[in-house]
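Just below is one structure, and these are the notes that go with it.
The values are calculated or read from the model by the stated rules, or taken from the named source; none is laboratory data. Worth saying up front: this structure is predicted, and the values here are computed from it rather than measured. No Cβ is skipped: glycine too gets one built from the backbone with ideal geometry, and neighbour counts run over all protein chains shown. Heavy atoms of the whole protein, side chains included, go into the accessibility calculation; ligands, DNA and RNA do not. Shrake-Rupley method; radii C 1.70, N 1.55, O 1.52, S 1.80 Å.
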Amino acid sequence: MTQAEREQENGKEKEKEREKEKEKEQRGVKRPIAPPVIPEPLQEQIQSNFIVVLHPGSKTLRIGRATDTLPATVPHVIARRHKQTCQPRYEDAWLKPESNEQRQNGLKMVDQAIWSKKMSNGVRRTPVSAEQARSYNRLIRPAGLDTSSRMKWTNTAHHPEHLVGEEALYVNPTDCYNVHWPISRGQLNVHGGAGGSLTAVLADLEAIWSHVIQKQLEIPLKDLKYYRCILLVPDIYNRHHVKELVNMLLLDMGFSAIVVHQESVCATFGSGLSSACVVDVGDQKTSLCCVEDGVSHRNSRLCLAYGGADVTRCFFWLLQRAGFPYRECQLSNRVDCILLQQLKETFCHLDQDISGLQDHEFRTRFPESPALLYQIRLGDEKLQAPMALFYPTTFGIVGQKMTTLQHRSQGDPEDPHDEHYLLGTQSKQDQSSKASAERKSLPKPPGFEGEFSSQGGDPSERGGGAHGQDVELGHSQNDCLMGGAEMEEPPSALLSRKTAMTQFEGKALGLDKAILHSIDCCASDETKRKMYSSILVVGGGLLFHRAQEFLQHRILNKMPPSFRRVVESVEVITRPKDMDPRLISWKGGAVLACLDTTQEMWIHQREWQRFGVRMLRERAAFVW
């Protein structure tokens with residue numbers, strides 16, 4: 001046998017050995033859940049201009065490269081053409097109806113708060129009745145500015161399958177299109193109406209995001225395999241929805257890798273703060289969370305089912321009460337909703353020194369209609385509407401869970417080694433030894449010694465006595481899934497905190513009370529002090545004149561007396577580094593893209609295909 005033949009024979013034998021090894025692995029050898037290290041080729045420096053940061057909101061989508069100064073800002077709406085000519089038209093409501101009786105009660109509380117506080121010169125405000133403004137406004141007739149507003153409905157002559165953003169907003173109501181807002185109250189807008197299934201909502205999101213990436217970022221969809229994505233999700237997230245979004249971005253749209261992170265933590269990155277109580281007042285929801293050194297405290301997370309759109313709706317009701325001269329205005333009309341939002345942003349404030357009746361004017365410019373000028377006289381309506389954020393019964397929201405908290409995962413069949421698995425496999429011996437150690441550290445009541453010694457069997461299996469209580473508290477602790485240092489707290493403290501949290505669930509908490517509650521859920525007094533001195537307000541729902549001073553005053557008045565002595569100053573930050581508060585979370589996502597620690601958080605497309613949702617538990621920067 002020649003040298004060449006011998007080498008060839010050796011090569012074949014080695015190949016067979018490798019195949020045998022592979023077979024062994026597949027048959028019986030346990031493999032790790034995720035690759036322990038990133039393969040060498042992926043460890044090269046990632047270019048930030050090939051990372052897309054995506055911050056989806058209920059009303060607005062913000063998306064851009066990590067190197068962009070500002071993101072593209074697009075109305076998060078899509079209009080889809082009817083498949084059949086006789087199909088009934090469907091449109092998701094922008095501003096939803098409310099309970100009249102409830103909002104009347106809320107308004108009484110608002111008025112009482114306004115009149116009880118003196119102005120900065122020490123004089124009490126003069127109450128202004130809606131009747132005084134109404135008698136003037138009823139006489140107002142619009143003045144014509146121009147025979148044409150020079151605005152047009154979106155041209156649908158070429159029958160596009162769908163329209164996105166501004167084009168969708170200005171689709172003529174007589175055209176055969178359904179209008180969908182795929183995110184509502186911060187969550188995927190799954191409902192029983194047309195286009196309300198999870199599949200349809202995900203298809204709408206993919207269509208909107210793909211359109212903006214192509215048209216505004218000028219990235220061809222076929223090139224997304226060279227790009228990575230950072231997805232910002234709410235602090236209180238729906239695990240199933242996040243999983244479906246990651247699936248869509250990696251497998252359907254074709255991004256090469258993704259990082260998922262929470263809005264609140266990204267807000268601290270964007271503002272340059274190491275720790276803050278983040279108050280994100282969005283269009284349809286307000287979320288609160290205490291963030292310390294890049295970690296969101298799970299217990300402090302709250303989501304309130306109201307936001308800027310509810311202030312707009314409340315303002316419209318107050319305008320009608322004051323004889324709003326544009327009498328054709330309807331909440332069901334998209335262009336009227338746009339006008340109402342502009343009026344709220346122009347007129348509303350939180351300055352209690354502005355008192356009495358004042359005259360204003362506004363213009364209406366609607367597609368294929370004349371441009372008109374209206375005069376209007378307003379009093380306290382401009383202050384009452386934004387104050388509803390502190391007295392949310394004024395919104396009159398019905399059929400909606402007003403306050404939600406972070407709950408334990410329901411489990412996912414794709415992720416067998418989740419916390420349910422850990423709880424199920426936790427040995428009884430560990431539980432009983434921990435419980436007995438805790439028992440020894442507690443003072444024993446008379447007659448306690450030897451209580452269990454006369455009884456046989458495993459104490460953990462008996463329901464009675466102090467031990468049974470310890471086991472029960474242990475489960476409460478696991479229900480809350482505390483992380484890090486919070487696990488070290490005594491069970492009684494955990495239980496009392498959990499009870500305090502759940503009593504608020506479903507209630508309409510005002511913004512100031514929600515902030516105090518969120519801070520109070522922090523584990524230590526030191527953390528609470530940090531949070532009081534750094535309350536970061538982001539989002540576009542609180543962009544009112546003097547909002548910072550107003551919120552600061554209310555927090556100071558309501559904070560526990562024990563903290564007034566130790567907190568040097570309560571600081572409310574609304575414009576860190578003079579940035580637009582609506583862009584801070586997105587900017588934080590762009591900062592995240594540049595951090596060295598982010599390299600360990602990327603979930604690659606092939607990893608997601610192989611391991612699925614388990615990768616989120618392995619790589620997410622928060623407890624999944």
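Ligands, DNA and RNA excluded, the heavy atoms of T156 present near 20 Å² of accessible surface to a 1.4 Å solvent probe. Each residue of region 236-245 was assigned a 3J(HN,Hα) from its phi angle through the Karplus expression (A = 6.51, B = -1.76, C = 1.60, θ = phi - 60°), giving 9, 10, 8, 4, 5, 5, 4, 4, 5, 5 Hz with x at Gly and Pro. Shown is the FRET efficiency for L251 and S48, computed with R0 = 41 Å from the Cβ-Cβ distance and rounded to the nearest 0.05: 0.95. Each residue of region 151-165 is assigned a 3J(HN,Hα), and the resulting list reads 10, 10, 5, 4, 6, 10, 4, 8, 6, x, 4, 8, 10, 10, x Hz, derived from the Karplus form 6.51 cos²θ - 1.76 cosθ + 1.60 (θ = phi - 60°), x at Gly and Pro. Which GluC sites (Glu not before Pro) in region 566-624 sit in a loop by DSSP (not H, G, I, E or B) and have at most 14 other Cβ atoms within 10 Å of their own Cβ? Those satisfying the criteria are E568. Loop-resident GluC sites (Glu not before Pro) (DSSP state other than H, G, I, E or B) in region 101-173 with no more than 10 further Cβ atoms inside 10 Å of their Cβ: E161. In sequence order, region 104-117 has phi-based couplings of 5, 5, x, 5, 4, 5, 4, 4, 4, 5, 5, 6, 7, 9 Hz under the Karplus curve 6.51 cos²θ - 1.76 cosθ + 1.60, θ = phi - 60°, and Gly or Pro positions carry x. In region 243-309, one over the average inverse separation of all distinct C-alpha pairs is 13.4 Å, which is the Kirkwood hydrodynamic radius. For L372, the amide hydrogen comes within under 5 Å of the amide hydrogens of L145, T364, counting only partners 5 or more places away or on other chains and with H modelled in the peptide plane.
Kindly list the residues of region 213-239 that lie in the label zone of D580, defined by a backbone N under 17 Å from the point 7 Å along the Cα-to-C-beta vector. 216-217, by backbone N distance to the label point.
Amide H contacts under 5 Å for K285: G308, restricted to partners 5 or more places along the chain or on a different chain, H placed in the peptide plane at 1.01 Å from N. Rounded to 0.05, the FRET efficiency of the C86 and T199 pair, given R0 = 22 Å and the Cβ-Cβ distance, is 0.35. Start at zero, step by 5 Å, and the Cα-Cα distances of region 527-579 spread as 4, 19, 30, 23, 14, 8, 2 percent across the bins. The spacing between region 582-622 and region 372-396, judged by their C-alpha centroids, is 41 Å. Proximity of backbone amide H atoms, modeled 1.01 Å from N, is registered between V77 and G165 at under 5 Å, excluding neighbours fewer than 5 places apart on the same chain. Using a 1.4 Å probe over the heavy atoms of the protein chains, calculate the carbon and sulfur portion of the accessible area of region 239-280 as a whole percent. The value for region 239-280 is 46 percent carbon and sulfur by accessible area. Of H545, H191, the order by accessible heavy-atom surface (1.4 Å probe, DNA, RNA and ligands excluded), from most exposed downward, is H545, H191.
Measuring with a 1.4 angstrom probe and ignoring ligands and nucleic acids, T85 comes out at about 130 Å² accessible. When the surface is traced with a 1.4 Å probe over the full set of protein chains, R575 keeps roughly 120 Å² accessible.
Applying the criteria of a DSSP loop state and at most 14 other Cβ atoms within 10 Å to the trypsin sites (Lys or Arg not before Pro) of region 139-187 yields R150, K152. Fully extending the segment from L373 to E328 would add 14.8 nm, taking 0.36 nm per residue of separation and subtracting the current Cα-Cα distance. Our analysis of region 88-156 gives Rg over Rh at 1.16, with the two radii drawn from alpha carbon positions and Rh computed by the Kirkwood formula.
Taking 1.567 mPa s as the viscosity and 4 °C as the temperature, the Stokes-Einstein diffusion coefficient of region 204-283 based on its alpha-carbon Kirkwood radius rounds to 91 µm²/s. Ranked by solvent-accessible area (1.4 Å probe, protein heavy atoms only, all chains present), the residues D252, D512 order from largest to smallest as D252, D512.
What's the local net charge at H349, with K and R +1, D and E -1, over the other residues with C-beta under 13 Å away? For residues surrounding H349, the net value is -3.
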